[in-house]
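First up is the structure itself, then whatever we jot down about it.
The values are calculated or read from the model by the stated rules, or taken from the named source; none is laboratory data. The model shown is predicted, which means the values in this text are computed figures rather than measured ones. With ideal geometry, Cβ positions are generated from the backbone for all residues, glycine too; neighbour counts draw on all protein chains shown.
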Protein chains: 2
Amino acid sequence: MLRGDITVAIRNAVMNELAEVGYGRLSIEAVARRAGVGKTAIYRRWSNKLEMVMEIISDVAERKVPLPDTGSFAGDLELLMMIVSKALQHRIASQIIPDLMAEAARNPQISETLQRALRTHQQAVGEKLVGQAIHRGELPEGTDADLAVDLILGPLYWRLAVAREPLSDDHLEKLTAAVTAALRAS
Amino acid sequence: MLRGDITVAIRNAVMNELAEVGYGRLSIEAVARRAGVGKTAIYRRWSNKLEMVMEIISDVAERKVPLPDTGSFAGDLELLMMIVSKALQHRIASQIIPDLMAEAARNPQISETLQRALRTHQQAVGEKLVGQAIHRGELPEGTDADLAVDLILGPLYWRLAVAREPLSDDHLEKLTAAVTAALRAS
DNA sequence: GAACGGCGGAACGCAACCGTTACGTCGTAG
DNA sequence: CTACGACGTAACGGTTGCGTTCCGCCGTTC
């Protein structure tokens, strides 16, 4: 039986290595070195870099985030944006996510894995959010959940992961208000 | 004197190579091969990969986009969003931009170059857009240009460069309307 | 027509990784 | 106490890329 503590060490090493050098430059040897483990231990678990990274990433990415339900759309939205912004400011995540997204643009397998892990899940969040709001009468009947997701995640991702500018509480508040207005008007 | 046609061939090769394999895996040898050029021709121009890529990218990125001024905020916004979405759907750009953004997260020199090339310029677009609209009375006095940029570029970038979902004319229209509403309300 | 300089090509020594193999150690299960 | 299996280490041959050097070719300049 494969030893669990070794597997954990490898997983951590992969995450850190991914954050530091990115998928393109990640090497099995470096992972082994960092994990304090032989290459054999890695090849015993996965047959190559892609498979290894994909399995580890899906695992992490599929951890469910609780869908917000605070009782009001404003509350749900604020909570969701807080959660997402915290996640995007996490040291490891903020390096790994853009890197894998870029990699997904040229590797169909990575693309598919990320889609399944992120889109399925996060789109569900958006749909639930919008659905609840419509049901409560806080948003008009035909509100486009797809559009809502773009409007909620887009600006956050842009500012935190792309432009890498700070996100003050004040700015987050304005953003929340703006998104609310945008959705109400649609 | 260095031959101009050779320089052009190298520049093109770098762009295509960047798009195909990304910065992390880009190698001087591959660039030379692709450009049909000796490695010596490259080292005669730049001293290493980073310097080469940075010079070529800044050149491309600093080409000025005409600031929209159609006479109305709605027109300006629609035009800007069209331009940006076209740019983000360009084959080469859509691969290179997320890749370099990810790389910038771990390489300060790349980060700085991109900031200067993109932010300075695109932020100016946002500020002009908002400034014109305020001047015309189409947006309230204190509208935050920073926020506007987040709201305009964020959803587009998210959808096109991250989620990689198609952007229909219909969706673009809804997005424009939503952003307008958001900014008016702020 | 001679000198110069950019060019491609080839090879250099060096380093990093690949994926695989052989070996000896050590903990655990039977 | 024995057998098994996962472990780390070390080495394998092969590939790729680095940055440099030397060569001979060829077009331009004077």
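Just a few scattered comments:
- Residue check, A:PRO68 in contact (Cβ under 8 Å) with a residue 24 or more places away in the chain, within 30 Å of A:ALA148 (Cα to Cα) and away from chain B (no Cβ under 14 Å): yes
- Residue check for A:SER168: assigned by TED's automatic domain parsing to the domain that holds A:PRO68, within 14 Å of the chain's Cα centre (by Cα) and surrounded by fewer than 18 Cβ atoms within 10 Å (Cβ to Cβ): no
- Selection over region B:134-163 of residues that are farther than 20 Å from B:LEU118 by Cβ and not polar (S, T, N, Q) gives a count of 10.
Let's see how each residue does on (1) under 29 Å from A:GLN89 (Cα atoms); (2) near DNA strand D (Cβ under 8 Å from one of its atoms); (3) outside the structural domain of A:ILE92 (by TED's automatic domain parsing):
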| position | (1), (2), (3) |
| --- | --- |
| A:ASN12 | yes, no, yes |
| A:VAL21 | yes, no, yes |
| A:ARG33 | yes, no, yes |
| A:GLY36 | yes, yes, yes |
| A:LYS39 | no, yes, yes |
| A:ARG45 | no, yes, yes |
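- When residues of region A:1-27 are limited to those that are hydrophobic (A, V, I, L, M, F, W, C), surrounded by 15 or more Cβ atoms within 10 Å (Cβ to Cβ) and within 12 Å of DNA strand C (Cβ to nearest atom), the one nearest to A:PRO98 (Cα to Cα): A:VAL21
- Each residue in region A:127-164 was checked for being more than 30 Å from B:ARG106 (Cβ to Cβ), part of a helix (DSSP H, G or I) and within 14 Å of chain B (Cβ to nearest Cβ), and 5 of them qualify.
- Test: residue in region B:102-113 that is farther than 30 Å from B:ALA181 by Cα, of a type in the set (Val, Ile, Thr) and modelled with pLDDT of 90 or more: yes
- Note on region A:28-47: among residues that are free of Cβ contacts under 8 Å to residues at least 12 places away in the same chain and not in a helix (DSSP H, G or I), the one that is farthest from DNA strand C (Cβ to nearest atom) is A:TRP46.
- Any hit, region A:150-161, residues being more than 14 Å from B:LEU151 (Cβ to Cβ) and surrounded by 17 or more Cβ atoms within 10 Å (Cβ to Cβ): yes
Here's the yes/no breakdown for (1) over 18 Å from the mean Cα position of the chain (by Cα); (2) charged (D, E, K, R):
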| site | (1), (2) |
| --- | --- |
| A:LYS86 | no, yes |
| A:SER94 | no, no |
| A:ALA105 | no, no |
| A:HIS121 | no, no |
| A:ALA124 | no, no |
| A:GLU127 | no, yes |
| A:VAL130 | yes, no |
| A:ALA163 | no, no |
| A:LYS174 | yes, yes |
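- Members of region B:48-69 that are surrounded by 12 or more Cβ atoms within 10 Å (Cβ to Cβ) and within 14 Å of DNA strand C (Cβ to nearest atom): B:MET52
- Here B:ARG91 meets each of (1) of a type outside the set (Asp, Glu); (2) within 14 Å of chain A (Cβ to nearest Cβ); (3) surrounded by 14 or more Cβ atoms within 10 Å (Cβ to Cβ); (4) more than 12 Å from DNA strand C (Cβ to nearest atom) with one exception, condition (3).
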